[in-house]
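This report concerns only the one structure given below.
The values are calculated or read from the model by the stated rules, or taken from the named source; none is laboratory data. Note that the structure is a prediction, hence the values are computed from the model and not measured. Using ideal geometry, Cβ is built from the backbone for each residue, glycine included, and neighbour counts are taken over all protein chains shown. Each accessible area value is taken on the protein alone, full model and side chains, heavy atoms only, with ligands, DNA and RNA left out. Shrake-Rupley method; radii C 1.70, N 1.55, O 1.52, S 1.80 Å.
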Amino acid sequence: MAREKKRRSNGRRSPLAAAALIGAGLLITGGIYAGASAAIAATETPTAASTQLTVDDGEKLFQANCATCHGLDLQGTDNGPSLYGVGELSVEFQVATGRMPLQMQGPQAPQKPVQFTQDQIEAMASYVQSVAPGPTYPADEILDGEGDVAHGAELFRINCAMCHNVAAAGGALTEGKYAPPLTSTSALHIYAAMVTGPQNMPVFGDMNLSDEDKRDIISALLFQQQEVQVGGFTLGSLGPVSEGLFIWIFGIGALVGATVWITAKSN
């Protein structure tokens, strides 16, 4: 009886052995799948990178996403203006900053997350340029940030600071409109805004600001974006309003507190 029981127990498999077998199988199949996926991705990447969107692709994207407001022929509708003469630079600016497509009608189109890839944006811009030419991309030299920063800062104070604030922090306008901050705007989009005049901004043509002047303004703004604060509180860089409020709350508050304390001690 004892011999038969011993034989039966020796023939039994341990539960751990089954778990180990299942784990080994999962590990092997997972490794094979991961290797195969990596191999497929490696073979597909060059093809995807080499794919270039054409003007025809841009036309299809425009018809699917923009024609409802701007018309199939860019002629405009009751819901959106004509795009004749705006050029590819305006399209790139509006779409690459998320202002277009517009979510809802309002005083101003706000910036929001971009809905298209850069290739798609450039394809739509090329399509608009092919149908209704307008302002195009500038020379690389204008965007290099190597212009005269001091001259650019002076031009910015004269032409732009009344809306964008002297620190380029943005500011409020009338009827719910506003000038956006330029503290993180790219060189291309600064140039595009000057040339195309989006929203409430005027167009600065060559008669107002030469390409060299635009380069200097861009250089000054890029320098300001990269400038390291040497110390102290910037208080939002909003000038005397925030500084006066700070002094009123903390300075006058401290004086009132000290007066109350001295009165309480004397009593």
Search result, residues across segment 69-99 that are open to solvent by less than 30 Å² (accessible area, probe 1.4 Å) and in a loop (DSSP other than H, G, I, E, B): Gly71, Leu74, Gly76, Leu83, Thr97, Gly98, Arg99
Show the residue pairs meeting these rules: Cβ distance below 8 Å; 6+ apart or different chains; first residue within segment 54-68 and closer than 12 Å to Val128 by Cβ; second residue assigned to a helix (DSSP H, G or I) and among the acidic types (Asp, Glu). Gly58/Glu122
Given the conditions (1) within 28 Å of Lys177 (Cβ to Cβ); (2) without any contact (Cβ under 8 Å) to a residue 24 or more places away in the chain, every one holds for Ala109 apart from (2)
With respect to Thr174, is the statement that it is closer than 30 Å to Gln75 by Cα and either touching a Ser or Thr at 6+ places or on another chain (Cβ under 6 Å) or not charged (D, E, K, R) (or both) true? yes
Could you tell me which residue of segment 109-163 is most open to solvent (accessible area, probe 1.4 Å), considering only residues that are more than 30 Å from Asn79 (Cβ to Cβ) and assigned to a loop (DSSP other than H, G, I, E, B)? Glu146
Taking segment 122-135, which residues are touching a Leu at 6+ places or on another chain (Cβ under 9 Å) and either farther than 20 Å from Met207 by Cα or at pLDDT 95 or above (or both)? Glu122, Ala123, Met124, Ala125, Ser126, Tyr127, Val128, Gln129, Val131, Ala132
Unique residue being more than 21 Å from the chain's Cα centre (by Cα), part of a loop (DSSP other than H, G, I, E, B) and surrounded by 12 or more Cβ atoms within 10 Å (Cβ to Cβ) when the list is Leu53, Leu102: Leu53
Looking at segment 180-223, which of its residues are farther than 23 Å from Pro107 by Cβ, in contact (Cβ under 8 Å) with a residue 60 or more places away in the chain and open to solvent by 60 Å² or more (accessible area, probe 1.4 Å)? Asp211, Glu212, Phe223
The number of residues in segment 166-179 that are in a loop (DSSP other than H, G, I, E, B), touching a residue at least 24 places away in the same chain (Cβ under 8 Å) and open to solvent by 30 Å² or more (accessible area, probe 1.4 Å) is 6
